[in-house]
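Engineer: One structure coming up, written as structure tokens, with questions to follow.
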């Protein structure tokens, strides 16, 4: 096996060098860690799966050895395909619902890495392998230039057409309301029932904050038929809704 | 891209034929679905991720188009590496615990595809792509020949050495108690505090059954410090324990 792997690697390298093609063909080829986290011999695909399945929690940064792997994943086809399968499932679920017809059925969306993408920022900042810099990240946010995740926008449009109301529930602060509204509208999210941002006085975890806010939504008469986020703290906790959907995000972890 | 992929494929095939090696080198090469589920254009790796993250639920069988992909995954290195990362994380967690020292700290393990592996059976029955046949599966179980998942056995041994008691909680029926005991002991699981099997009169879902049983465990004075299974119904619900771990299983779904 070792000999075959070496032969294959040399052959691929030769082809790549002779044709001058980009690195994109390495998409999802498993990259073994060579040092630091994850432990020697563990693979970056396994690290990513463990993150997505809530097995590895409370992590600060992407392991150095996986920066390139995560970068290729995020910029390549697999991230989009992974997102598409989740959204297809969500659309099939939404279409199967028998709605109340009273305008009280809502779908809760997280914002960052769910409806809006900060990938342009992270692509220039190590894809989560660098320590988070709130100053430069906030500068990026205040530009209001985050693109939509195309798959989530597709789901959003389907939900609106079905008569399901939209609730955006984000950890972004109230001081970012104006730029968030402008950014959402600019990329195609034109209407919503509620846009819930975090008060600066609220210092609870994302899981507790979002649970409390969903509880308030339900107490004011709404029924949460669906709930989608990229973090487990978006979709665990209480009042999580009738069904939850987890979009991929191997770049950061929010408790 | 197409030309390079073809060259690589032919080269791999040549190497494989000339050396007479197995199919294992095709491990995790993404295979696109060509028909049936998943929808045309969706990838089997994305289907697997969506299953592992609880986005695709209540499914009956592995999509026909993904049978070969799932088979290669289960028999190859990636399944083992994915399991290893989860177990390493669980061991690091267990070692970090401050135990009560009263012998009341327990770890809950599911059995099928968690401590014992039915892979020898599924390898001969379509890796979950064939409709489940309870008759032939029960015949396999009654042989008592299921191997241990090596990673889980490693975790088990570590937990025992730390003084954490073991609770096996399985959907297997009480009528399989003797063969299950013999199978567990034969492959290295020599001791446990409780082995909870399902009574034939209990017709609740796995999620409800397991939540109720964990509640009884806690009510009898134990503290569930960890909980590991291959199904989300093992680790969602109530009384789920201080921390949960999800092992991979793309072969079947239990509600």
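The values are calculated or read from the model by the stated rules, or taken from the named source; none is laboratory data. Since we're looking at a predicted model, the values are computed, not measured. Cβ placement follows ideal geometry from the backbone for every residue including glycine, while neighbour counts extend to all protein chains displayed.
Engineer: If a residue has to be exposed (fewer than 15 other Cβ atoms within 10 Å of the Cβ) and either in contact with a helix residue (DSSP H, G or I) (Cβ under 8 Å, 6 or more places away or on another chain) or more than 25 Å from residue A:179 (Cα to Cα) (or both) to count, how many in the range A:203-217 make the cut?
Structural biologist: 3
Engineer: Restricting attention to the range B:76-100, which residues are within 23 Å of residue B:222 (Cα to Cα) and without any contact (Cβ under 8 Å) to a residue 12 or more places away in the chain?
Structural biologist: B:92, B:96, B:98 - these are the residues of the range B:76-100 that are within 23 Å of residue B:222 (Cα to Cα) and without any contact (Cβ under 8 Å) to a residue 12 or more places away in the chain.
Engineer: While we're on this one: Here are the criteria: (1) assigned to a loop (DSSP other than H, G, I, E, B); (2) surrounded by 16 or more Cβ atoms within 10 Å (Cβ to Cβ); (3) on the phi < 0 side of the Ramachandran plot. Tell me which single one residue B:242 does not satisfy.
Structural biologist: Evaluating residue B:242 over (1) assigned to a loop (DSSP other than H, G, I, E, B); (2) surrounded by 16 or more Cβ atoms within 10 Å (Cβ to Cβ); (3) on the phi < 0 side of the Ramachandran plot leaves (2) as the failure.
Engineer: For the range A:123-146, which positions are closer than 30 Å to residue A:193 by Cα and surrounded by fewer than 23 Cβ atoms within 10 Å (Cβ to Cβ)?
Structural biologist: Of everything in the range A:123-146, those that are closer than 30 Å to residue A:193 by Cα and surrounded by fewer than 23 Cβ atoms within 10 Å (Cβ to Cβ) turn out to be A:134, A:137, A:138, A:139, A:140, A:141, A:142, A:143, A:144, A:145.
Engineer: With the requirement that a residue be more than 12 Å from chain A (Cβ to nearest Cβ) and in contact (Cβ under 8 Å) with a residue 60 or more places away in the chain, what does the range B:51-75 give you?
Structural biologist: B:60, B:61, B:62, B:64, B:67, B:70, B:74
Conditions (1) surrounded by fewer than 21 Cβ atoms within 10 Å (Cβ to Cβ); (2) at pLDDT 50 or above; (3) within 9 Å of chain B (Cβ to nearest Cβ), marked per residue:
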site: A:2; (1), (2), (3): yes, no, no
site: A:7; (1), (2), (3): yes, no, yes
site: A:12; (1), (2), (3): yes, no, yes
site: A:15; (1), (2), (3): yes, no, yes
site: A:27; (1), (2), (3): yes, no, yes
site: A:36; (1), (2), (3): yes, no, no
site: A:77; (1), (2), (3): yes, yes, yes
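Engineer: Anything in the range A:213-236 that is under 18 Å from residue A:55 (Cβ atoms) and part of a loop (DSSP other than H, G, I, E, B)? List them, or say none.
Structural biologist: A:230, A:231, A:236
Engineer: Could you check, for the range B:186-197, whether at least one of its residues is over 18 Å from residue B:234 (Cβ atoms) and either under 17 Å from the mean Cα position of the chain (by Cα) or at pLDDT below 95 (or both)?
Structural biologist: yes
Engineer: If you check residue B:252 against the conditions, is it crowded, with 19+ Cβ neighbours inside 10 Å and more than 25 Å from residue A:49 (Cα to Cα)?
Structural biologist: No, not satisfied.
Engineer: I'd like the residue in the range B:147-175 that is farther than 21 Å from residue B:86 by Cα and within 19 Å of the chain's Cα centre (by Cα) and, out of all such residues, is surrounded by the fewest Cβ atoms within 10 Å (Cβ to Cβ).
Structural biologist: Filtering the range B:147-175 for residues that are farther than 21 Å from residue B:86 by Cα and within 19 Å of the chain's Cα centre (by Cα), the one surrounded by the fewest Cβ atoms within 10 Å (Cβ to Cβ) comes out as B:173.
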